[in-house]
Each structure stands twice: as structure tokens, then as C-alpha cells.
Amino acid sequence: MSEASIPDAGVLERLEALMDREAIRETLHRYCRGVDRVDADIIRSVYWPDAHDTHGVYEGGPEGLIEQTLKVYGATDHVVHTVSSSSIALQGKRAKVESYYLAWFATDVDEQGTRVQTFAAGRYLDIMEKRGGEWRIWKRTCVFDWIHRAPMPDGLGEEVFGIRRPIGQKAPHDLLYRDGFV
């Protein structure tokens with residue numbers, strides 16, 4: 001191999017940084033998928049076992065967060081999270097990551113017993129670590145920047161979606177599982 005065909009160290013470092021950033025984004029997206037499908041295994045796959053999460057009323061390790069997520073979101077028909085505008089500062093095997101989120105869920109009832117939907121927006125402030133070639137969350141703080149609650153429309157099936165199909169479901173019934181995406 002000639003010297004001309006060997007990439008310089010700077011190119012290899014930039015390529016590794018790009019691959020690390022993409023792996024971090026994939027981890028963030030996998031978190032949303034796990035929460036929205038109420039899938040404990042997927043949620044668990046984004047956290048290191050010694051991780052710590054400060055997430056609204058919950059503060060602690062990933063297993064407690066998973067337990068709370070399954071309890072709260074398992075009791076509702078639909079949950080939607082998105083993550084965007086991620087700023088990733090790589091620092092060797094650690095990264096400081098700020099990501100904006102939007103979330104919609106229907107988990108509460110108001111004082112009159114009416115089901116309430118919640119729209120929330122904010123940021124995840126994560127410290128992620130790369131161990132054994134894999135990026136996962138080590139520390140997370142969920143920052144709330146905006147929240148709006150409103151009464152739920154009647155129903156969440158045909159009366160809302162009309163002829164639109166398929167309708168998203170929880171694990172393992174969602175199309176994602178049936179068609180082998182997971």
C-alpha cells in the first residue's frame with residue numbers, strides 16, 4: 001500500500017467522531033422508541049446499569065425509571081416522544097449531549113374525572129459514556145421548558161383516526177415488532 005492511499009490521522013479522528021455522534025443519536029432515538037412502545041428491554045439498552053436519571057418526579061437508577069415508565073405509560077393508549085436538535089460535545093469516552101424533546105401522552109385525569117392529555121417540551125441533558133465500543137446514558141437530567149394540559153378527545157380509535165391504519169400500539173403488538181424492525 002502506498003503512502004498516498006493511507007488516510008492521515010486527522011481524517012481517521014474526524015471519521016471516528018462522526019461515527020460516535022451517530023451512535024449517540026441512535027441511542028437517543030432508541031430511548032424514544034422504548035418509551036413509546038412501553039418496552040423495558042429497549043429502554044434498558046440505552047442506560048448503563050450504574051446510570052442516574054433525574055426525570056421529573058423520579059430520581060434514581062434505570063431500573064426504577066423503567067418500572068415507573070411501564071406503570072405510567074402502560075396505563076395509557078398512546079405515547080409519542082421525539083428528540084431533535086442534539087448538541088454533542090465529545091470528550092474522549094464521554095460526551096455531553098443536550099437534546100430537545102417533544103412529548104405527548106394521556107396519563108392523568110383532572111379534578112372532574114376527565115382524561116387529560118399532556119404536551120411537554122424540554123431538553124435532555126445527558127452525560128454519555130462509551131464502554132466496550134457502545135454509547136449509553138450515564139447521567140441524565142430531564143429539563144422541562146414548556147407543558148400544556150388539555151382534555152382528551154373522545155376515544156383514540158376509529159373515532160379519532162378514521163380510516164387511517166395502522167394505529168400504533170405497545171410492544172409486542174406494534175407493527176414494529178411484527179415486521180421485524182426490532
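The values are calculated or read from the model by the stated rules, or taken from the named source; none is laboratory data. If you're wondering where the values come from, they're calculated on a predicted model, not measured in any experiment. Virtual Cβ from ideal backbone geometry, glycine too; neighbours counted across all protein chains shown.
Details
- Among the residues making up region 43-73, those that are among the β-branched types (Val, Ile, Thr), closer than 28 Å to Arg115 by Cα and at pLDDT 95 or above are Ile43, Thr54, Ile66.
- Looking only at region 93-115, residues that are over 21 Å from Thr141 (Cβ atoms) and assigned to a loop (DSSP other than H, G, I, E, B) come to 5 in all.
- Pairs are defined by a Cβ separation below 8 Å, a sequence spacing of at least 6 or placement on different chains, a first member in region 78-89 that is on the phi < 0 side of the Ramachandran plot and among the aromatic types (Phe, Trp, Tyr), and a second member that is exposed (fewer than 13 other Cβ atoms within 10 Å of the Cβ) and at pLDDT 95 or above; no pair meets this definition.
- Test: residue in region 1-16 that is in contact with a strand residue (DSSP E or B) (Cβ under 8 Å, 6 or more places away or on another chain), over 18 Å from Arg123 (Cβ atoms) and not charged (D, E, K, R): no
- Residue in region 74-102 that is surrounded by the most Cβ atoms within 10 Å (Cβ to Cβ), counting only those that are modelled with pLDDT of 95 or more and hydrophobic (A, V, I, L, M, F, W, C): Val97
- Scoring Ala51 on the criteria (1) more than 15 Å from Ile127 (Cα to Cα); (2) of a type in the set (A, V, I, L, M); (3) touching a Phe, Trp or Tyr at 6+ places or on another chain (Cβ under 9 Å) leaves a single failure, condition (1).
- Residue check for Lys130: touching a His at 6+ places or on another chain (Cβ under 7 Å), in contact (Cβ under 8 Å) with a residue 12 or more places away in the chain, under 17 Å from Ala51 (Cβ atoms) and surrounded by 15 or more Cβ atoms within 10 Å (Cβ to Cβ): no
- Qualifying residue in region 22-45 (condition: closer than 14 Å to Ile127 by Cα and either part of a loop (DSSP other than H, G, I, E, B) or of a type in the set (Asp, Glu) (or both)): no
- Residue in region 150-161 that is in contact (Cβ under 8 Å) with a residue 40 or more places away in the chain, outside any strand (DSSP E or B) and closer than 22 Å to Leu70 by Cβ present: yes
- Here Arg149 passes the criteria (1) closer than 21 Å to Ser45 by Cβ; (2) exposed (fewer than 14 other Cβ atoms within 10 Å of the Cβ) except the one numbered (1).
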